[in-house]
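The next block holds one structure in the form of structure tokens; read it before the comments.
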Amino acid sequence: MKYKLIEILCVACAVVFIVFSVLSQSGSKKSAPEIYKEMCEKTDFTDGLSLRDNTDFKKTFSLSADDFESVVYYSSDDVMNVNELLIIKARDGSSIQDAADKIKRHVSENYDIFSGYAPEQGELLKNYVLETNSNTLFFFVGGESEAAQDAFHDAL
């Protein structure tokens, strides 16, 4: 009798754990533009940045926007400004890691370029934000990185 109760409790705990794991890994249901819109309700993180199209996205990160559910990409028109904001919503989590790796390479290459002759831009690149949440990726380079990261969390 005592062992039967322990078995039932173990099975119940396992079921609760599995349900919790599945729910926590489901990712955001919102598209990248919806997340961006909610983020900008708090602060406009794209002040001085321009919305980029899929061609710019592919040229910058060597990624195709067609491989994702939705993409929002902003960057500066000024070649001496490294500020960027990128939100990617993937169809599933499998393509997010590849995107994160390419973004890290992009940051590293830009840091190598800017750190020598534009140290303030190099400092921004050292403090970039790259965060993945199941099927959503957030990348930000700018002066308000903590506020942008908090706004991203709130928008999910």
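The values are calculated or read from the model by the stated rules, or taken from the named source; none is laboratory data. Treat the numbers as computed from the prediction; the structure is a model and nothing was measured. Cβ coordinates were reconstructed from backbone atoms using ideal geometry, including for glycine residues, and neighbour counts include every protein chain displayed.
Figures for the structure shown
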read-out: Candidates Glu120, Glu144, filtered to the one that is surrounded by 14 or more Cβ atoms within 10 Å (Cβ to Cβ) and among the charged types (D, E, K, R); value: Glu144
read-out: Helices (runs of 4 or more DSSP H) (entirely within the range 57-156) containing at least 2 residues that are under 15 Å from Tyr36 (Cβ atoms), of a type outside the set (S, T, N, Q) and modelled with pLDDT under 95; value: 145-155
read-out: Whichever residue in the range 73-102 is more than 19 Å from Gly143 (Cβ to Cβ) and among the aliphatic types (A, V, I, L, M) and, among such residues, is surrounded by the fewest Cβ atoms within 10 Å (Cβ to Cβ); value: Ala100
read-out: Every residue from the range 73-113 that is in contact with an Asp or Glu (Cβ under 7 Å, 6 or more places away or on another chain) and among the charged types (D, E, K, R); value: Lys89, Arg91
read-out: Test for Asp98: is it touching a strand residue (DSSP E or B) at 6+ places or on another chain (Cβ under 7 Å), under 19 Å from Asn54 (Cα atoms) and among the acidic types (Asp, Glu); value: no
read-out: Failed item, numbered, when Gly27 is tested on (1) modelled with pLDDT of 95 or more; (2) under 22 Å from Thr132 (Cα atoms); value: (1)
read-out: Some residue of the range 59-74 being closer than 18 Å to Phe152 by Cα, in contact with a strand residue (DSSP E or B) (Cβ under 6 Å, 6 or more places away or on another chain) and of a type in the set (A, V, I, L, M, F, W, C); value: yes
read-out: Residue ID - farthest from Leu124 (Cα to Cα), chosen from residues in the range 38-97 that are in contact with a helix residue (DSSP H, G or I) (Cβ under 8 Å, 6 or more places away or on another chain) and β-branched (Val, Ile, Thr); value: Val71
read-out: Filter result for the condition that a residue is closer than 20 Å to Thr60 by Cα and in contact (Cβ under 8 Å) with a residue 60 or more places away in the chain, over Phe152, Phe140, Phe114; value: Phe140
read-out: Subset of the range 56-114 [among the hydroxyl-bearing types (Ser, Thr, Tyr) and closer than 19 Å to Ser31 by Cβ]; value: Ser64, Ser70, Tyr73, Tyr74, Ser94, Ser95
read-out: The range 35-56, subset of a type in the set (Val, Ile, Thr) and not in a loop (DSSP other than H, G, I, E, B), residue surrounded by the most Cβ atoms within 10 Å (Cβ to Cβ); value: Ile35
